[in-house]
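Here is the structure we will look at, set down as structure tokens.
The values are calculated or read from the model by the stated rules, or taken from the named source; none is laboratory data. These numbers come from a predicted model, not from an experiment. Heads up, the Cβs are rebuilt from the backbone with ideal geometry, glycines too, and the neighbour counts pull from every protein chain shown. Areas reflect the complete protein model, heavy atoms only, side chains present, ligands, DNA and RNA absent. Shrake-Rupley method; radii C 1.70, N 1.55, O 1.52, S 1.80 Å.
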Amino acid sequence: MTTTTNDPVNHPDHYTHSKIECIEAIEAALGTEGTIAFCKGNALKYVWRANHKGRPKEDLEKAVWYLQRAAKLISENDGK
């Protein structure tokens with residue numbers, strides 16, 4: 001297992017304490033289409049609450065991270 005420095009946007013400690021990151025387990029469980037939907041939903045959640053938790057910049061960066069993950073999955077699957 002690789003040790004990483006806590007990065008609350010890209011690799012939060014609470015999602016990287018195992019041999020794989022949580023998002024990798026989600027991809028394995030939900031497949032591509034399910035993971036894309038999950039990422040879009042999480043992006044919406046982070047935008048929705050950005051001004052209500054005290055860290056709006058971090059929440060918006062997390063929303064972008066999830067949208068980029070969804071876009072990457074779409075690109076890897078022939079844009080479907």
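When all protein chains stay in place and ligands, DNA and RNA are ignored, the 1.4 Å accessible-area order of Asp78, Asp7, largest first, is Asp78, Asp7. Annotation: lysines with alpha-carbon distance below 24 angstrom to Lys19 (same-chain offsets under eight excluded): Lys62, Lys72.
Gain in length, Lys45 to Glu76, computed as 0.36 nm per residue apart minus the alpha-carbon separation, to one decimal in nm?
Numbers: separation 31, 0.36 × 31 = 11.16 nm, distance 2.45 nm.
Contour length minus the Cα-Cα distance gives 8.7 nm.
Charge tally around Trp48: other residues with Cβ under 13 Å, Lys/Arg +1 each, Asp/Glu -1 each, net +4.
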